[in-house]
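Notes follow the structure.
The values are calculated or read from the model by the stated rules, or taken from the named source; none is laboratory data. This one's a predicted model, so the numbers in the text were calculated from it and none came from an experiment. Positions of Cβ are generated from backbone atoms using ideal geometry, with glycine treated the same way; all protein chains shown enter the neighbour counts. To get the accessible areas, we keep the full protein, side chains included, count just its heavy atoms, and leave off ligands, DNA and RNA. Shrake-Rupley method; radii C 1.70, N 1.55, O 1.52, S 1.80 Å.
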Amino acid sequence: MAITGTWKLNQRSNGWTRVFVHLPDTGSETQQAIYTIHIGNGQTQKRILNVVSNSNHWVSLGVFEFTDGNDFQGAELSNYTPDGDAVEDVAWDAAAFQPLAAKPKDIVVQMGDSYASGEGAQPYLYGTDMGPYADQTKQTSPGRSWNACRRSQNSWIRQSVIPGRPASIGSMADSFDTSLEYHSTACSGALTPMMDTTGNVDKSGHPLWGQIGQHHEVPQLSSGFLDTNTTLVTLTAGGNDSGFADTVQSCVELSCPSDSDVKTKIDHTMDSLKALLQHIHDKAPAAKIVLLGYPELFETGDMTIGCSVMTGDAATKINNWADYMRDGQKKAATDLRTLEKPVPVTFYSPTEFYHHGVCSKAGAAINDFVAAPSTKPGGDFSCPASPDPNKWVCASMESYHPNNMGTKLYASALASALMEARY
């Protein structure tokens, strides 16, 4: 049975307003809570939340220009979700409406894959690292609660400081600073279709929920946080589409794939990457887009026996493929900027990682092989055949991802990219 809860303002508002909802810590389990904001003139906007990740907290749904008119002003929450009517519990709690003196100067949305979410740099936000543990072969988990988007409290976007701003994006967002609005939909393992509106679908186009990279969350572009008011979108994307994880795993366990095979996969990634960036621009036409690249993983000049499970020859090949990916992404961004109707995307390669790859004597900013599971909440992979967790040997999702030093370097890279983009 469809049920809708409604919060209505008892006094008309005519101006910029931040809408908050309080998410209870019991009775609400969906990763697809659909909130509909009524601004007053008959127009509405939707925001879709993973409520588990924000339980027992006040959460901003965004800022909206409320307008006096014939429709009510307020918000609605339905128990309908894209993955099934009332399949997961939905709970209604309080809502709040904060009048603002003006539109926030910065309205920032972070999207992307594991390098954007902060995979490898614990701690993770609650609800984005939920079990039961996943099977590495099947790339899925039997539990509907499973979520391994692994959005980190220490992700680079949260540590980044926008030029001219007094504090980091994370600290300003946590204090609900009225001059900034920030949201992240980044998810570890995400392919570009999972970021785009397509989502994870079967051959017939039917949604596949519960797969790594999306879990039971809606596609990132479908969450509603990108709109005409967005000023900045940041992301990393394309690594999973090009088979990065499989390539690294083959290099560790068997032998590296052929150079031509890897480069062909990278080439095939560029069309979907350009489509994603175009669609971001379509939804957020006033926003500048910053696409950060992937660093070389290994400091090959410092490699010694035992410093990594990777051989020196394999490390060199992986670094070369990272450079090939960099060149492809740079060209993709250039292609979009030079269209008849340009897409304002800036590509920046994180050169800040030079001399800080795996095996670096100056300090590695990237994890080497990490055994799974790396956390107790259960979002990571495991080896179910082993009864002793201390002997599990399959790779964690954290393997070959930036650690907490690495997210700081990425924050520095974003600062440089924002200067280049003249943001």
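So which DSSP H runs in the chain come out at 20 Å plus along the axis (Cα) with average Kyte-Doolittle of at least 0.0?
404-420
As a test question: what accessible area, to the nearest 10 Å², does ARG158 have when a 1.4 Å probe is rolled over all protein chains in place?
Estimated to the nearest 10 Å², ARG158 gives 30 Å².
Kindly identify region 314-388 as rounded, prolate or oblate by the Cα gyration tensor criterion: order the square roots of the eigenvalues as a ≥ b ≥ c, call it rounded if a/c is under 1.5, otherwise compare a/b with b/c, prolate if a/b is larger, else oblate.
prolate
For region 153-200, what is the accessible area per residue in Å², given a 1.4 Å probe and the full set of protein chains?
33
Check which residues have an amide H placed less than 5 Å from GLY62's amide H, if you skip close sequence neighbours.
VAL19
Which whole-number percentage describes the relative contact order of region 152-235, with Cα contacts under 8 Å and a sequence gap of 6 or more?
20
What residue among ALA362, ALA371, ALA322 shows peak mean-square fluctuation when the chain is described by a Gaussian network model with Cα springs under 10 Å?
Among ALA362, ALA371, ALA322, the largest GNM mean-square fluctuation belongs to ALA362.
Pull up the DSSP beta bridges for the chain and report the antiparallel fraction as a percent, rounded to 5.
If we restrict to bridges inside the chain, about 65 percent are antiparallel.
For a protection proxy built on the mean count of beta-carbon atoms within 10 angstrom, sort 373-380, 148-155, 251-258 highest first, please.
With the highest mean Cβ count within 10 Å placed first, the list reads 148-155, 373-380, 251-258.
For the chain, what does -39500 (n - 2.57) per DSSP helix run (n ≥ 4), summed and divided by total residues, give at 222 nm, in deg cm²/dmol to the nearest 500?
-7000 deg cm²/dmol
So how much accessible area does PHE72 have, in Å² to the nearest 10, using a 1.4 Å probe?
Roughly 40 Å² of PHE72 is accessible to a 1.4 Å probe.
Of all the C-alpha pairs in region 1-42, what % are more than 13 Å from each other?
Value for region 1-42: 69 percent of Cα pairs lie more than 13 Å apart.
Over region 214-338, with the other protein chains present, what is the accessible area per residue in square angstrom, probe 1.4 angstrom?
Accessible area per residue, region 214-338: 41 Å².
Which value, in Å², gives the accessible area per residue of region 40-81 when a 1.4 Å probe is used on the protein heavy atoms?
Roughly 41 Å² per residue, with all protein chains present.
Could you state how much accessible area LYS331 has, in square angstrom rounded to the nearest 10, with a 1.4 Å probe and all protein chains kept in place?
Its heavy atoms expose roughly 120 Å² to the probe.
State to the nearest 20 debye the size of the charge dipole of the chain about its Cα centre, where the only charges are +1 on K and R beta carbons and -1 on D and E beta carbons.
880
Please give the per residue volume of the convex hull enclosing the alpha carbon atoms of the chain, rounded to a whole number of Å³.
Taking the convex hull of the Cα positions in the chain, it is 152 Å³ per residue.
Most mobile of ASN367, ASN54, ASN70 per a Gaussian network model of the chain (Cα springs, under 10 Å)?
ASN70
Suppose accessible area is computed on protein heavy atoms with a 1.4 Å probe; arrange HIS268, HIS356 from highest to lowest.
If we order HIS268, HIS356 from most to least accessible, we get HIS268, HIS356.
Give the residue from THR247, LEU277, THR264 lying farthest towards the positive end of the charge dipole for region 230-281; charges sit on Cβ (+1 for Lys and Arg, -1 for Asp and Glu) and the dipole is referred to the Cα centre.
Of the listed residues, the answer is LEU277.
Which aspartates and glutamates, on any chain, are close to LYS331 with Cα under 19 Å apart, when same-chain ones fewer than 8 places away are left out?
List returned: ASP241, ASP267, ASP271, GLU296, ASP323, GLU340, GLU420.
Among PRO163, LEU291, HIS401, flag the residue with its Cα farthest along the positive direction of the charge dipole of the chain, charges on Cβ as +1 for Lys/Arg and -1 for Asp/Glu.
Final value for the positive-end residue is PRO163.
Under unit Cβ charges (Lys, Arg +1; Asp, Glu -1), what dipole magnitude, rounded to 20 debye, does region 264-315 have relative to its Cα centre?
Rounded to the nearest 20 debye, it is 380 debye.
For the chain, give the percent of accessible area contributed by carbon and sulfur heavy atoms, probe 1.4 Å, rounded to a whole number.
The value for the chain is 52 percent carbon and sulfur by accessible area.
If each residue of separation counts as 0.36 nm, what is the full-extension length gain between LYS103 and ARG337 once their alpha-carbon separation is subtracted?
That works out to 81.5 nm of additional length.
How far is the Cα center of region 351-369 from the Cα center of region 322-346, in Å?
Using only Cα atoms, the two centres lie 27 Å from each other.
Please compare each pair in LYS8/LYS103; LYS288/LYS361; LYS265/LYS330; LYS341/LYS408 to a cut-off of 28 Å on the Cα-Cα distance and tell me which ones are over it.
Flagged as over cut-off: LYS288/LYS361; LYS341/LYS408.
Using the alpha-carbon centroid of each, what span in Å lies between region 1-17 and region 399-423?
One Cα centre to the other: 39 Å.
Once a ≥ b ≥ c are taken as the square roots of the eigenvalues of the Cα gyration tensor of region 11-70, is the result rounded (a/c under 1.5), prolate (a/b larger than b/c) or oblate (a/b not larger than b/c)?
It is prolate, given that a/c is not under 1.5 and a/b is the larger ratio.
Could you identify which residue out of MET405, MET194, MET325 has the top mean-square fluctuation in a GNM of the chain using Cα springs shorter than 10 Å?
Most flexible of the set in this elastic network: MET405.
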